Structure formats: structure tokens, C-alpha cells
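What follows draws every value from the coordinates through simple rules; no lab data is involved. The model shown is predicted, which means the values in this text are computed figures rather than measured ones. Cβ placement follows ideal geometry from the backbone for every residue including glycine, while neighbour counts extend to all protein chains displayed.
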4 protein chains.
Amino acid sequence: MRFKIPKYTHPNFDTAIFKCAPNVKCKIVEKDCVAPDNYHAMSIYPEYFKINGEWVLAQETRMDCVARLNNKGKIEIVEFRHLRVGDSIIVGRTEDGSEGIYLHVSGFKDDKVEKEAFAFRGVRSRETSQTMDYDNLFELLKHEKENGYVVWVMGPAAVFSQGARDSLTKLINSGYVNAFLGGNAVATHDLEAGIYHTALGQDIYTQHSVKDGHYNHLDLLNKARKYDSIEKLIEEENITSGLIHSCIANNVHIVLGGSIRDDGPLPIVIPNVYEAQEEMRKHIRKATTVICMATQLHTIATGNMTPSFRVVDGKVRPLYFYTIDTSEFAVNKLRDRGSLTVRTMIANAQDFLQRLADNLE
Amino acid sequence: MRFKIPKYTHPNFDTAIFKCAPNVKCKIVEKDCVAPDNYHAMSIYPEYFKINGEWVLAQETRMDCVARLNNKGKIEIVEFRHLRVGDSIIVGRTEDGSEGIYLHVSGFKDDKVEKEAFAFRGVRSRETSQTMDYDNLFELLKHEKENGYVVWVMGPAAVFSQGARDSLTKLINSGYVNAFLGGNAVATHDLEAGIYHTALGQDIYTQHSVKDGHYNHLDLLNKARKYDSIEKLIEEENITSGLIHSCIANNVHIVLGGSIRDDGPLPIVIPNVYEAQEEMRKHIRKATTVICMATQLHTIATGNMTPSFRVVDGKVRPLYFYTIDTSEFAVNKLRDRGSLTVRTMIANAQDFLQRLADNLE
Amino acid sequence: MRFKIPKYTHPNFDTAIFKCAPNVKCKIVEKDCVAPDNYHAMSIYPEYFKINGEWVLAQETRMDCVARLNNKGKIEIVEFRHLRVGDSIIVGRTEDGSEGIYLHVSGFKDDKVEKEAFAFRGVRSRETSQTMDYDNLFELLKHEKENGYVVWVMGPAAVFSQGARDSLTKLINSGYVNAFLGGNAVATHDLEAGIYHTALGQDIYTQHSVKDGHYNHLDLLNKARKYDSIEKLIEEENITSGLIHSCIANNVHIVLGGSIRDDGPLPIVIPNVYEAQEEMRKHIRKATTVICMATQLHTIATGNMTPSFRVVDGKVRPLYFYTIDTSEFAVNKLRDRGSLTVRTMIANAQDFLQRLADNLE
Amino acid sequence: MRFKIPKYTHPNFDTAIFKCAPNVKCKIVEKDCVAPDNYHAMSIYPEYFKINGEWVLAQETRMDCVARLNNKGKIEIVEFRHLRVGDSIIVGRTEDGSEGIYLHVSGFKDDKVEKEAFAFRGVRSRETSQTMDYDNLFELLKHEKENGYVVWVMGPAAVFSQGARDSLTKLINSGYVNAFLGGNAVATHDLEAGIYHTALGQDIYTQHSVKDGHYNHLDLLNKARKYDSIEKLIEEENITSGLIHSCIANNVHIVLGGSIRDDGPLPIVIPNVYEAQEEMRKHIRKATTVICMATQLHTIATGNMTPSFRVVDGKVRPLYFYTIDTSEFAVNKLRDRGSLTVRTMIANAQDFLQRLADNLE
């Protein structure tokens, strides 16, 4: 099977209902960060707005944000906290065209392969067959390596074992990772493994808890602060493999958002969470596939800002979003919040990474 | 049964091993935020340092932080990021007195009641009897209401149902809560319930998903930004019950730490997570009992900064730390990281709160 | 709120589609236990068959069983293993009347209260409000005490704590339990608690693991075999409370099905699982409410044989089916198999039982 | 690394404590199935009894069973339900030799490799490194293929996906499976897949739910009863792959124990659970490695009857016992009951089987 991106079909705007629909209405922001009454909130799906008689697709959309019409007549999707006095915001809470707003959930529906391959059926659990999911993902990632932008979102479990860490190194070196989003912990554990071959003081192969092993974690953080940068730490401490080393060696973007759970943190971590969101969204704006694994916090954070589609060279394509976890609760939580296009897989991150590394050359 | 705080026994410093032990050694910080080599890292247990021939207990300790000797000869336990050039830091990685550092894990051990009541036996699961745990907790909270400082750490599940929310209101009004730590979500859902009787658009009693219900969440946040403060929001929107209203009405301290998962956020939320940690620790420094429920993120964050004891009026007493969750993984995670004095209970937050409210007048 | 059983509406059989429909066809069983080709398999919902021009409701139905027309023209719903050569079995795999078979899923639909109170909305999790679920259940059980037949299905966690065991005792003594279905373990642990105040050697109040405590379990089983009956065991060993004692004292039916996991077993346990199913179904044929808690095995076993309705004095009423567990996977598993009328609650059995006992006098 | 079975060291019976110890005492069974007071219950570890001045190892032991001295002076470990009037049973509840009973937990302790490789450290979770566990298991299974007897215990999740089913087929054909223990469900789903390429009506590759798919399950069972045997079913229906087909084609023993949850059942299923236990134990008496996956019921049942060692040609070697599940609760439950030598892995059965098939040629 050669993977093919499913075709997208725009609504037929030649029909009467669209032709007769009014232009969208806007209201003006009167206080910074506060939307006018009856503002329209975006979804993860393609939405069109009728502006000057034309139906325009809102690109780079984000769920629960608002649509701002800038002074060049372009639509920008912005978080409430970025609203400024004088901004012109689209209002209306219908989605059927009657207020000039149209939500299009079925753009990929006519594509047979897509429907069979990816349509969702019932609650997914550890008992759902994943054979095809893996096959599809292998093909997808080979395609994306040449054509897409793959964002990985990972928690500590991705680096707690030698096998997972080696698999990650291989995947990054082979070009399957364009950006990595995470927190302080995953990076800290990975670098600890790079120096001491332990994570939280436990050997990542033998599972042996080394004496005074908890100091490895603290010493690593102390060294990082001493060197002032991750790059210098890697160089001075001769770290030659792992998630962070491979990202830096391959110019893969790293965004680490701070959390109140953090020790340290590493110098690279962004302490203000809303600034961290901005940095994350920069990569989500480019993403064609997102893979989230073993972190509920970062998975939900990323899911919140990821739409179901991406416009590349003027063409609409699906934005694939995978969540991988051993817990049904974790992977299904996002779906329950409205992110209905999420593909969930129940797997230990270690197995998942190993199988990817084994099947992607 | 009348609850009695177990007695604490200091080590017998008259024995030879303590008398012969050297004073602790210190090294000087040469770069901000970087500890000298061989720094000593603190634990959750009482630790004594020999200074000028005297064994001194480090008060207000925090796991994985360092001990700074200030210029008045007092010990301060500080996070690495607060180290400044010139600070004098205790070094040494033994805990048996041989370097002037003594870790005392058995201070409460001789107390019969304590041992029987609270000692940990084996992995706790949904099948562990909790009858005594509830009885103890009822007694403990009655005691703390008069004598202690109770910090509650809660996630959204604490306010997703009318019963839980009413129970919380009652507990706060009755004086069982001194500080509440949490994130943007729990406060947002609580305030949404206060205005619309929904949480994320679902009625908190009937479970009915109201039409366009997701706008309730966004509208609440938009209103909060419009009013600029939680207090004004509550007043203008006539919110008369719930977690946030009750905290404010009873002068209970609120600390909300930001997270990259946040919508909004509410104006009260602290965007910089390390500043949020500072605010949290202010209350943990006073806490005698901490109750964490239905939030893995905030539970771990709080667990990281909470010692196993508190000094009140010169006397050492236990600092009780409870975690409540439906998931064994969540409640046991903290224990696995070394917080061995945690009392875990497997319960739905709704049941837990209801039972507390029913049994505490 | 006074609880009212929702009204049931039969299909309108006066309409043309039903009048024109053919009578059902039957085929004859040619080998014991083997259904004829194209046999019709039953569901949990009301199904009507056209026999001699009349639409007849199949009573006491069971999912995945077949409909046998006996020689008095009555429909019996039987398991495949009970088919005998010469039996007349209804065939046809449509459910819209076109083959004389009509499935009626919406009989309770018009009832407003029912719809609001019990309709299912989305995946249920620990974050679903359960306040109304409890209120409804309290009212339902008060109603059933006078008018219904309540079957309880329980696993060991129902008796591992003193509080849960006392609550059960109270509920049984107050008349809220008509039959109890379970396995060897729950009964064994309950009787161990009755003699030794332990379950698997751990005190059910203090959590203290008594010396050589695992012998308590084995000694209990050995005693039970010595006395040859549960009744004699209870008498000779002076057991005066708990699940089994209360059931026997109140003439509550007990069915214990064997499992390959069993030690022992107790003399009362049925070793052949299909004979155990027969005994269980005797009570399910009478049940108006079923409450399953803390046992995945017995919950699924019971769910497999429980329809969504019961005919009492010629009137169709709902058969309420609750599952209670701390794990979403456990409670949702049954729903995923097609048992769509299940009401799931995420709770520790101890809390659930205590709240019931506290609220039912 | 070449795998080597660790060496076992018997206790040094030349020391005074063993020489001075008395012979074991016995008491006579006075009622069938009832052990005399003070009977000794066995554990999973090697236990020695002093008989006629000689210390004799009890072979083929089973936890919670009793030791019978037969009339040839040999020790047999029997379930209580097999005791008969006149049997001579060893009594005494000490294990230090003082009553002629000695429990030897450290026989493999001196072996360095074993200790490093397999010793248990702390609670295992999804965050425990499993790289070495997989490496060890690959080596172990290659060794066992030539020298051991590998018993597999599996639940339905082992056959719900095409990948898992193909992997199983490969492992069985390659000689890595000597006996398969399970229940009705796993065999039924596997055979349904063999005929219809579905499990419970859902395609095992495409996840597509076929129309009237639940009839596939029932039709399969109906066919099996029609043919009277699995072998004839496989032949007549042209099943050419999968778990059951491969077992039969390779003369791998199959034991299926009935459960009250069963539909059907298949003709091969044993309805009496205690007879099923007997059949299971026949294979456990030969087992050198046991792998349990994706079934809590059968895993616990097997764990109950599996000791920590096996005597092969007069030599004591470890009996390796693995449990694989996505849920920490499931895999740790067995450990919590005293089966301390269990090796637990957190994995989706599909990934686990695929990785084994990929790494074992």
C-alpha cells in the first residue's frame, strides 16, 4: 500500500443557501482581552466565513479562539488574551451559513480509503485491533518525512528505558521528527541518562537503583545551570545520544514548557506557560502530523491548539493527531472534549517507539 | 476516640556518636543558581546539622533543596534557583552524623497509636480497607480546625457535580479549609457552575448537555477578564455558592498556578510556574495537613515541596498528607518517588467530599 | 421527588406495516444444541413476533439466545445449549417487522422524566456528575423494596472493609436485597471476617496484617468443609454479622458460581459454570433492579443474561442495571458489548455502600 | 549474551540446626476434604521436610495446599479437596526447621547474574525500563524451546488483531509454545477470525464493524456444536491459521476452562472449574516458563498453582512466571497476593506478541 493523502472537497458554494447567506457581522473589542458579546468561537474543523460576498476558509484555526478580521480583510484566529481594543471580531453562534458562518465537517468524507482507514467506530480500548493503525502510521511517517512537518509531544516515559531512548535517537536521526514539545522532566531524565545511564537514579537497562542515585537527577540540573545552556552541557559532559542530543544535532526544534511540578528547571524551559503556548503553537501552525505520547498534560495542551486540517500550498489536507498511552482514560480524555479526529493507540511508549524504529528505515 | 497528635522524640544527642561528630562543612556559591560540588540535598524527613557543636533541626525543609547557612547562623532550606553568589551551602552526602548531618526517620516511631493507625503496609489499592482512614481523617480535621492549617489541593473533578460542590461549600464555611491550591480549570468550572449550573456545558445535576454549552465555559472566562477580578465577577454575576465563592467569603487563601493546558486564564492565575511554586510554598510552610484530590499535576507539585513534619511552637508534629483519586497509579506515583509518608485513598472525589461533609459538622 | 416507574408504550400495531407483515417462520432443530440456519438471536430490548396474526412480546428475554415456539404457541427464550431435536425455532435476521419480527427500542422514550433522568450522554468517567444518580438510586431502591426484586452482584471488595461490610449488613437487614450473586472469594472473605475480623489475613479495620494471617483464609475454608454447610459454620463459629450471615438470616437467596481462580471452594459454590448460570438466571428472570459492583467477571456474566425490561403483572417496566467500579474500563466494558442501558458509576465499593446505607433507612 | 539457567544451592543440612531438628509430625485426615488442625500450608518456594532423619525437598509444590506423606514415604502436595480419610498430613506452622519444616527462599540468591537480572526493585509501572526484560525473555525462550516446557495463558486480547494473531501463529509454529491455557472467549474469537476475519463482528484488520456482525460470533459457536469437535470445525470450515489451528497442527496442548461469563461454550471447554484446574495443573507440573497475558482471571488461576521452581532431572531451576497487561492493577494483583517472583510487564498484548515474533526466529 502506498499512502495517499485523502482529497478534500470544499462545500459547493454555488448552491442557493450559500449564495443567499449574509456576510458575517463583526463587533469591536472595547477592552483588551475581552471579546464582544456573541463572539463566534472556533472549532477544530474547517470553517468558512462570508466576507464581501466571498466564502473564505479560516486557516490555522484553533478551537475556542475567536476570528479577527484584520485591516487587510484577512481572518486571523486569535486567543482571547491577544485581543486588543479596536479589533474587529466575527460574531454569531450558528454554523449553518445563516449568519455567514459555515462549519464543514465532511470535507474528507467522500474519500473511500480515508473512510475505511481512519473513521472512528466506537470507544477504543486495549482490545481494539491496532495492526492497521501501525501500518498506516508507518506509511504516513514515510510520506511526512518528505512532505510534512511532524511534531512529537512526549512525557518522561519516552526516555526511561534504553530501548525507547535508542529508538527515539534513530527516529530523529532518520528525519522523522521536525519538532519536539515537552516539559522539564523528559529532557532532564534524558540528559541524566546521557551522563549517568540512569533516570531518577535507576539504570535505564538493568533497572538497578544506584547508590545515592537521586543525586544524579539533581547533579544534572545543577550542571545545566552551571553551563547556562543545554548545548554547552552536552558538549562538556560528552553526551552523544538520546532525545535532546539528537534533536540538537539534527536541528529539530525543542519547546519545553514549565510546570509547577518541576525541579530545576533546565535553562531551556519556558517559565511562563502562556508564552510556552505561543512557542508551541508556532510549530502546530506548521504541523501535518502530531504524535503525543505518555503525557496527559502536554497532550491536552497540544490537542487544545491543533485543528483537524492543514492548508499546504493552498490545498487542504488532514492534520493527523495520534495519542499513545497505556491508559484508556488518558487517550480518550481528549476525544471526550470534542477532538473527535484523534487517533488513539493503547501502548506502552517503549513498545510503540521500538516498533516505529524497527519499521522505519 | 479522641484524636491525639503523636509525640515526637528527638535523637539522643548525648551519645558518643553525635558528640564525636564533626561540625558540618559548607562551601560557597560561585555562580547564581548553582550549588557547590557535593552539596547536601534535603529529604522530607527531619534532618539535623551540627553547627558550632550543636545539633540543629532544619525547619521548613523541602525535598531536593539545599541547606543554606545564613549570616545569623540559621539554616534556610532553599531551591537551587534561589542560590546567590556568596551563599554558604552545607555539603556532604551522608546522613548518619559522620559529616555532621543526621537524618531522623523514626521520630514518631515509638508512639503506639501512630504506628497502628498510620503505618504503611504493602501496596494500597481499591481493595484496601479505608474505614479507619476515614475515621482518622474525621478526627484529624476536627483537631486541625482548632489547631492546624489545612491546605486543600484540588482538580476539576472536585466541582463537576452538584453534590461535591455543595459539600465543598459546607466544608469551607465550617472552617476546615485554610488554603486552596489548584489551577485554572477547577476555578473556571466552579465559576461556570455558579452562573450557569453547568461545567463544560453539562448540567452539574441532571448531566444534561445544554445547547451551545461549550460557550458557557468561554463566556465565563470572557466575563472574568471583563471584570478584571474574581471578586467583581462574583458580585456582578450573583454567584452565591461553590468553591471560589466560599473561599473568598471565608478569607481562605487561593493560589492558582498556570498550566500550558489552560484556556483563558482567569485573572487570578499565576502565569509563571516558578512564581506559582513560591506562592504555594508560602502555604505549605504553614500546613499541618494537606489533602490532594483528583489532580495528578498539582498533587505531585505539592508533594514535592511538603515535608513529613511541621514545627509548631517549637514542637515537632507530623504533617499529614493525603492523596485521593480513583486511580491507583495516580495516588501511588507520589509514593514511588520517595514520599513514603503519603496516605492514599482510592475514591471518587465526589464520594470523598460528600462523606467528609456528612461527618464533619 | 417521589420516584415513578416510567410508562411503557407498545408499538402501534394497527398501522399498515404491522398488519401486512407475515407471521414469523420457524425451523426445526435437527441436532441437540444446534440452532437451524438463519435462527434469530435475541437482544436486551423488547421484541415482538407475529404469531397467528398476533404480535406477541417475548418475555424474559436474553441477549444472544434463540426464540422457541413451544407446543402451546408460547415463546420461550432459550440458550443454544438447551435446544433439543424437534424444537421449533424462529428464524430471520431482520427486526423491522418484514419477517414478523419487531425490535422496539423506544418504548420508554416518550416519558419525559425518564429521558431526563436516565438517558445516556457520552462516555461516563470519574468526572461525570453522580449527584442525581445517587438521588435516583435512593428513590429507586425505596420503591423496589416494596414493589420489586433487587439482585446484587458483588466481588470481594464489597467485604474487605469493616465499613462496607457493616453497610451491607444494614442494607440486607432493611430489605433492600432479594438475591445475592457472586463467587467463592467474596463469601470466603466475608466469613473469614466474621470469625477472625480479617480478610486475607489483614484486619478489616486497622489494616494490620496479623501473624500467619494467610492461614485465616485456609482455616476458614477447612472449617466450612468440616461443617459441610455454611449455615452450620455460621452457627458453630458464632458469626453474627456480614454479607453471608445477613443473607441467610433474612432468607436472601445466594448463588455462588465457581471459578478456576478459586481456593477451596466453600460447599455452597456451584462447580459447573453453566449450572451456575441457570441458577443465576432464575433470579434475573424476577429481577427489576440489578446492582453489580467490584467484579468484572460476575458483572459481565450477569449483564449477558439481563434484558432492559421486565413484565410485572402484564405491564412492561424498565429493568434497572447499575455497575459500580473504580475503573472506567470495567464499568464501560459491558456498555461496549451492546448493553446500552447500563447505568455506570465510578466509585470505590466502600464509599458506594456507605452512602447507600446512610441514605436508606 | 547467552542465557544461562542460574544455579540453585540447597541449604547446608550439615549444620547443627538442621541436624538437631526433629522429624516432621503428621496427623490423620478424619473426614474427606478436611485437613487436621495445625496442617502446614505450602508456599511457592522450595520447602524441605525432615523425614526419617533426612531433609527432603517437596517437588511439584503448590501454594496453599497441604503435604501428604504417602505410604511409600513420599511427599505429595495436594489440594484440600483431594484429602481422603486416613491420609497422613504434615502439621506445623513454622518454617525455620524447628518442627522439621524448612522454607528456603534464597536458593538462587548467590547467583550474580540472576540477582542483577531479575531481582525485584520497587513497584513496577509503565515507567519501568523493560529493555532488559525483553532481551532476557528472548534468550529465555530460545533456551526453553530446546530444554523447557512453556505454558501460555491468554485472554481474548491476544487474538483481537491480525498482527497479534499472526505473531501467535508464528510463535507456535516455531516451537515456542508447549501448552495453551485459556477460556471459551479467546478460542471462540480466534475461530471466528479464522472463518470470518472478524472478532465479535469487527474486522481484525480494518476495524470495520460488518453488518449483523454479532451473528458471526453466534454462528461460529453454533457450527462448533454442529461439528461436535474443534478439529472437525477447523477442517470443514477451512481454517488455516490462528491460535487454535496452530496449536492443533503442532500438537500443542489446549486447556479451556469454563466461566460463568461464557456464551456457548465450545465443545472443548471444561464446564466444571475444579476439573479444569486439574487439567491446568497437569501442565503446570511440567512448566519451566509461564507467560500470562491479557487475562486477569486465568492469570490469577495459574499463579495460584505455580511454584517458583521446577525440578528437572533432579536439578532445581527457576520456574519463570511473566504477566503482561496494560494495567498496573492487573499485573501487580498477583504480586500482592504473595507471588513475589512474578515478572510483570506493562504492554498491550498486540505489541508484546509482535515484538516476540520479530525477535524469535
## Note on the structure
residue C:48 neighbourhood, Cβ < 13 Å, K/R = +1, D/E = -1, net charge -4
### Message
Let's test the formula: R0 of 35 Å, r as the Cβ-Cβ distance of residue A:84 and residue A:139. What FRET efficiency results, to the nearest 0.05?
### Response
0.20
### Query
Which far-off residues, 5 or more places away or on another chain, put their amide H under 5 Å from the one on residue D:180, with H placed in the peptide plane?
D:152, D:253, D:254, D:255
### Task
Evaluate the relative contact order of the stretch D:275-318 (contact order divided by residue number), counting alpha-carbon pairs under 8 angstrom at least 6 apart; express in whole percent.
33
### Net charge of Cβ neighbours under 12 Å - reference residue D:284; Lys, Arg +1; Asp, Glu -1
+3
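If we count every other residue with Cβ under 10 angstrom of residue A:355's Cβ, Lys/Arg +1 and Asp/Glu -1, where does the sum land? Provide the component values of the computation, followed by the final result.
Working: positive: D:355; negative: A:351, A:358, D:351, D:358.
After counting each charged neighbour, the total is -3.
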### Summary
Scattering profile of chain B from the Debye formula, Cα beads only, expressed as log10 I(q)/I(0) at q = 0.12, 0.14 Å⁻¹, is -0.92, -1.16
### Summary
Across C:238, C:71, C:272, the residue with the highest GNM fluctuation in chain C (Cα network, 10 Å cutoff) is C:71
### Query
What value does the stretch A:16-103 have for Rg/Rh, both radii from Cα atoms and Rh as Kirkwood defines it?
0.94
### Summary
Note on chain C: contact order normalised by length, alpha-carbon pairs under 8 Å, 6 or more apart, percent, works out to 18
### Task
Report, as a whole number in µm² per second, the diffusion coefficient that Stokes-Einstein gives for the stretch A:144-255 at 37 °C and 0.692 mPa s using the Kirkwood radius over alpha carbon pairs.
233
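For a footprinting-style exposure proxy, rank B:153, B:85, C:56 by other Cβ within 10 Å, fewest first.
So the ranking, lowest neighbour count to highest, is B:85, C:56, B:153.
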### Per-residue average of Cβ from other chains inside 10 Å of B:203-213
4
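Might you report the magnitude of the Cβ-based charge dipole of chain A about its Cα centre, with Lys and Arg at +1 and Asp and Glu at -1, to the nearest 20 debye?
Magnitude of the dipole: close to 1000 debye.
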### Query
What share of the DSSP beta bridges in the stretch A:165-283 is antiparallel, in percent to the nearest 5?
35
### Query
Placing +1 at every Lys and Arg Cβ and -1 at every Asp and Glu Cβ, with all other atoms neutral, what dipole size does the protein assembly as shown have around its Cα centre, in debye to the nearest 20?
0
### Task
Work out the charge dipole of chain A with +1 on the Cβ of Lys and Arg and -1 on the Cβ of Asp and Glu about the Cα centre, then indicate which of A:35, A:52, A:250 is farthest towards its positive end.
A:52
### Task
Any chance you could list the semi-axes, whole Å, largest first, of the equivalent ellipsoid that the Cα gyration tensor gives for the protein assembly as shown, using √(5λ)?
48, 45, 34
### Message
Per-residue Cβ counts within 10 Å, from other chains only, averaged over B:215-225: what number is that?
### Response
4
### For B:265-276, mean number of other protein chain Cβ atoms within 10 Å
5
### Query
Which order results if D:323, B:240 are arranged by neighbouring Cβ count within 10 Å, fewest first?
B:240, D:323
